[in-house]
Amino acid sequence: MKLIFRYLGRYKKWVALAIFVKLLATLMELSLPYIFEHILDYVVPTGDLKMVLLWGLLMFAAAVITRNTNVKANAMAVQNAHRVSYDVRQDLFRKTVNLSGSQFDAFGLPSLISRMTSDSYNVQSAAQQLQTLCVRAPIMLVGGVFVAMTMDAPLAMIMVVMLPLLLGIILFVSSKGMPMFVTVQEKLDAVVRIMRENITGMRVVKALSKSDFEKRRFARANEEMADRDIAAATVMAIPGPFMQLCLNMGLALVVILGAKRVNEGLMKPGVILAFLTYFNMITMGVMGVNRIFMSLSRAGASADRIDAVIRTSTDQKILPPEEALQPGGDEFIRFEHVDFSYGEGGSDSAGFLGESREKALSDISFAVKKGESLGIIGPTGCGKTTIINLLMRFYDAGSGGVFVDGRDVRSYDKDALRRKFGAAFQNDMVFQDSLRENIVFGRAVAEDRLRRAVEDAMAAEFADSLPEGLDYEAAIKGANLSGGQKQRILVARALAADPEILVLDDASSALDYKTDAAMRRAIGENHPESTVIMIAQRVSSVMHMTKILVLDDGKCIGYGTHEELLESCPAYRETFEVQMGAIA
C-alpha cells in the first residue's frame with residue numbers, strides 16, 4: 001500500500017481537492033434525513049405553507065448539491081487514479097527494461113507482464129477508492145452515528161454497540177485475505193506464461209496436433225488460479241452475510257424501541273423515519289468499509305508485487321576507472337579466464353536467490369583487435385550467445401574479465417557501452433511498423449547510410465520489389481515476411497548506425513549460401529572499421545574470419561584461423577568435412 005500512497009502523493013493537491021469535494025458531498029447527504037425530520041416534526045405541524053415550501057426547497061437544494069458534488073468528486077478521483085496508474089506503468093516499464101539479465105530471469109517474463117497489466121489495474125482501482133469510498137464510507141458510518149446520537153442517544157446506542165464487533169470481523173478477515181490474493185496473482189503469472197507460450201508457438205502446436213494437450217494444460221493452470229481466487233473471495237465475503245444479519249436485527253430493534261419511545265412521548269415520529277434512513281446510511285458505511293478492505297487487500301498484494309520490481313536496486317555496479325583498465329595488450333575485445341553460470345547473479349531484492357548451476361562458460365579467453373573478425377561456432381547450447389550476453393553486459397561474468405576498447409565492460413555506462421554495438425540476434429524482433437522504421441529504430445540515420453545498410457544486408461533486392469519499398473508495413477513479429485527477409489532487415493538494422501562492433505548471432509541461418517556469402521563480402525568491404533563477431537552453425541559463415549573460437553559444453557576446444565583449426569581441432573575438422581561434403 002505504501003506504493004499507492006507514494007504515487008498519490010505526486011498529485012496531493014488534486015487528491016486533496018477530490019477528497020474535499022467528496023467530503024462536502026457526504027456531509028450534504030448526511031444532512032438530508034435531518035432536514036426531513038425537521039420538516040415532519042417542526043415545520044409541517046405549524047401549517048405554514050411558506051415555511052414548508054422554504055424547507056422543501058432547502059432539502060431539494062441539498063439533494064442537488066449532493067448529486068453534483070458526488071459526480072464531480074468521482075470524476076476527479078478517476079482522473080487522479082489514471083494519473084497514478086500511468087506513472088506506475090511508466091516507472092515499472094523503465095525499471096523492467098533496465099533490469100539485468102539475472103534480475104529479469106528471476107522475476108520472469110509472465111510475472112512482469114501480469115504486474116504491468118492486472119496488478120497495475122488493481123492499483124488504479126484502489127487509488128480511486130481511496131479518494132471516494134474511503135472518504136464516504138467512514139463518514140457515513142461515524143457521521144450517521146454522531147447525528148443519530150444528537151437526535152436520540154438511547155436509540156443510537158444500538159448502532160454504537162454493534163459497530164466494534166462488525167469492524168473487528170472485517171479487520172480479522174482482511175488480514176487473512178491479503179496473503180491469499182498474493183497467491184492468486186502468482187497463479188495468474190502461470191496462466192499468462194502458458195497463454196504467451198501458446199500464442200507465440202501457435203504454429204508448432206497446430207503442426208504437431210497438440211491443441212487439445214495445450215487446452216488441457218491451460219485449463220489446469222486456469223482452474224488453479226480460479227480455485228485460489230474463489231477461496232480468497234470466499235474468505236473476504238464471510239463478513240457480508242453476518243453483518244447484514246446484525247444490521248437487520250439492529251434495524252428491527254430501532255423500529256420496535258423507537259415506536260415504544262414515541263408512544264411514551266419520549267421522541268417524535270419523524271425521528272424514527274430519520275433513524276431508519278441513518279441506519280441505512282450506517283449499513284452502507286459498514287458494507288463500504290468491508291468493500292474497502294476487500295479491494296485494498298487485493299490492491300495491497302498487487303502494489304507489493306509492483307514495488308518489488310520498482311525498488312529493485314541494480315546488481316550491476318559501475319567500476320571506478322582505476323579498476324577498469326585492461327591487463328596488458330592492445331586488443332579491442334578481450335575475454336580473460338571468464339567463468340559464468342546462469343542463476344548465480346539472482347536478485348536478492350526481488351526475493352529470488354540464484355541457484356548453483358552448471359557453468360555456461362568455463363575459463364574462456366580470447367582477444368580480437370579493432371577491425372578484425374571473430375567467428376564463434378559450436379553445437380546448440382555450448383555458450384555462443386552467452387559470450388555476447390557478457391560482452392554487452394546483459395549479465396556479469398562470475399569470474400575473470402571482459403574488456404572492450406581497453407576497459408572492463410563494468411566500467412561503462414550501459415548505454416555508452418551498447419552504443420558501440422550493432423546487433424542482429426537469433427529470433428530477434430521485427431516490429432509492427434514500416435521496414436524503414438524497423439531499420440532506423442528511432443536513431444538519427446541519414447538516408448544514404450540507410451540505403452547502404454539495406455544493400456549490404458542484401459535486403460534491397462526484395463525491399464525494392466515491394467510497391468511501397470521501405471515504407472512497406474511489417475505485420476506483428478514480421479508475420480508477412482519470410483524468415484530470410486526478416487533476417488536481412490535485422491542485419492540492416494545492425495549496420496545502419498555504422499557500429500564499432502557488429503554482432504551477428506546466427507543472423508543468416510535462413511539465408512541461402514549465395515546470399516549469405518554476398519552479405520559477408522559486402523560487410524567486409526563496406527565496414528572495414530567494424531569489429532565483427534559472427535555466431536554461426538555453418539563453417540562456411542566463419543571460415544574467412546580473422547579468428548575462430550570453437551566451443552563445446554561451455555569450454556574452448558579450439559581457437560585460431562580456419563587453416564590452424566583444420567590441423568589442431570578434430571571437432572572443427574569433422575564439422576567442416578561433414579558440412580562441406582554435404583554442399584559438394
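The values are calculated or read from the model by the stated rules, or taken from the named source; none is laboratory data. As the structure is a prediction and not an experimental result, all values here were calculated from the model. FYI the Cβ positions are ideal-geometry reconstructions off the backbone, even for glycines, and counts take in every protein chain you see. Just so you know, the surface numbers come from the protein's heavy atoms only, side chains and all, with ligands and any DNA or RNA stripped out. Shrake-Rupley method; radii C 1.70, N 1.55, O 1.52, S 1.80 Å.
Counting only residues that are at pLDDT 75 or above and closer than 28 Å to Met243 by Cα, the stretch 294-309 holds 8 of them.
Cβ-Cβ distances below 8 Å connect the following pairs, each with a first residue in the stretch 315-341 that is more than 16 Å from Asp405 (Cβ to Cβ) and of a type in the set (Val, Ile, Thr), a second residue that is at pLDDT 65 or above and part of a strand (DSSP E or B), and a separation of six or more residues or different chains: Val338/Leu361; Val338/Asp363; Val338/Ile364; Val338/Ser365; Val338/Ser399; Val338/Gly400; Val338/Gly401; Val338/Val402. Find all pairs meeting these conditions: Cβ atoms under 6 angstrom apart; at least six residues apart or on different chains; first residue within the stretch 483-509 and under 12 Å from Met392 (Cβ atoms); second residue at pLDDT below 90 and in a loop (DSSP other than H, G, I, E, B). From residues that are under 12 Å from Met392 (Cβ atoms), the pairs are Asp505/Phe425; Asp505/Gln426. Could you check, for the stretch 541-564, whether at least one of its residues is more than 47 Å from the chain's Cα centre (by Cα), over 19 Å from Lys514 (Cα atoms) and not aromatic (Phe, Trp, Tyr)? Checked against the condition, which is being more than 47 Å from the chain's Cα centre (by Cα), over 19 Å from Lys514 (Cα atoms) and not aromatic (Phe, Trp, Tyr), the stretch 541-564 yields at least one hit. With respect to Lys547, is the statement that it is open to solvent by 20 Å² or more (accessible area, probe 1.4 Å) and either closer than 14 Å to Phe366 by Cβ or touching a residue at least 24 places away in the same chain (Cβ under 8 Å) (or both) true? Considered against the rule, which asks whether it is open to solvent by 20 Å² or more (accessible area, probe 1.4 Å) and either closer than 14 Å to Phe366 by Cβ or touching a residue at least 24 places away in the same chain (Cβ under 8 Å) (or both), Lys547 comes out as yes.
Criterion applied to Glu461, Glu437, Glu500, Glu473 was being in contact with a strand residue (DSSP E or B) (Cβ under 8 Å, 6 or more places away or on another chain), of a type in the set (Asp, Glu) and over 29 Å from Val368 (Cβ atoms), and the one residue passing it is Glu473. Comparison of Lys50, Lys13, Lys22, Lys95 shows that the only residue that is of a type in the set (Lys, Arg), within 30 Å of Ser341 (Cβ to Cβ) and assigned to a helix (DSSP H, G or I) is Lys95. Tell me whether the stretch 567-579 contains one or more residues that are of a type in the set (Gly, Ala, Ser), open to solvent by less than 50 Å² (accessible area, probe 1.4 Å), at pLDDT 90 or above and not in a strand (DSSP E or B). There is at least one residue in the stretch 567-579 that is of a type in the set (Gly, Ala, Ser), open to solvent by less than 50 Å² (accessible area, probe 1.4 Å), at pLDDT 90 or above and not in a strand (DSSP E or B).
For the stretch 168-181, the set of residues classified as open to solvent by less than 70 Å² (accessible area, probe 1.4 Å) and in contact with a helix residue (DSSP H, G or I) (Cβ under 7 Å, 6 or more places away or on another chain) consists of Ile169, Ile170, Val173, Ser174, Gly177, Met178, Met180, Phe181, listed by residue number. Listed by first and then second residue, the pairs with beta-carbon distance under 8 Å, at least 6 apart or on different chains, first residue in the stretch 428-446 and more than 17 Å from Tyr472 (Cα to Cα), second in a loop (DSSP other than H, G, I, E, B) and open to solvent by 20 Å² or more (accessible area, probe 1.4 Å), are Arg443/Ala497; Val445/Ala497. Checking each residue in the stretch 16-41 for being among the hydroxyl-bearing types (Ser, Thr, Tyr) and more than 19 Å from Pro269 (Cα to Cα) picks out only Thr26.
Test of understanding: among Val184, Val204, Val191, which residue is within 23 Å of Ile476 (Cβ to Cβ), touching a residue at least 24 places away in the same chain (Cβ under 8 Å) and either open to solvent by 40 Å² or more (accessible area, probe 1.4 Å) or part of a helix (DSSP H, G or I) (or both)?
Unique residue meeting the criteria: Val191.
For the residues Ala81, Ala126, Ala75, the requirement of being surrounded by fewer than 18 Cβ atoms within 10 Å (Cβ to Cβ), in a helix (DSSP H, G or I) and over 13 Å from the mean Cα position of the chain (by Cα) singles out Ala75. Does Val550 count as outside any helix (DSSP H, G or I) and either over 19 Å from Gly381 (Cα atoms) or β-branched (Val, Ile, Thr) (or both)? Yes, satisfied.
Is it fair to say Gly554 is in contact with a Lys or Arg (Cβ under 7 Å, 6 or more places away or on another chain), on the phi > 0 side of the Ramachandran plot and touching a residue at least 60 places away in the same chain (Cβ under 8 Å)? Yes.
Every test in (1) farther than 30 Å from Gly398 by Cβ; (2) outside any helix (DSSP H, G or I) is passed by Met116 save one, and that test is (2). Taking every residue in the stretch 298-310 that is crowded, with 19+ Cβ neighbours inside 10 Å and pairing it with any residue that is small (Gly, Ala, Ser), at least 6 positions away or on another chain, the pairs with Cβ-Cβ distances below 6 Å are Ala299/Ala126.
Can you pull out every residue in the stretch 25-47 that is outside any helix (DSSP H, G or I) and open to solvent by less than 30 Å² (accessible area, probe 1.4 Å)?
Answer for the stretch 25-47, where residues must be outside any helix (DSSP H, G or I) and open to solvent by less than 30 Å² (accessible area, probe 1.4 Å): there is none.
Among the residues making up the stretch 410-432, those that are assigned to a loop (DSSP other than H, G, I, E, B), on the phi < 0 side of the Ramachandran plot and open to solvent by 10 Å² or more (accessible area, probe 1.4 Å) are Tyr412, Asp413, Arg419, Lys420, Phe425, Gln426, Asp428, Met429, Phe431, Gln432. A single member of Val97, Val88 is modelled with pLDDT of 90 or more, under 19 Å from Arg305 (Cα atoms) and within 18 Å of the chain's Cα centre (by Cα), and it is Val88. Within the stretch 433-455, being open to solvent by less than 40 Å² (accessible area, probe 1.4 Å) and assigned to a loop (DSSP other than H, G, I, E, B) holds for one residue alone: Val445.
The condition of being buried (at least 17 other Cβ atoms within 10 Å of the Cβ), polar (S, T, N, Q), part of a loop (DSSP other than H, G, I, E, B) and over 29 Å from the mean Cα position of the chain (by Cα) holds for Ser508.
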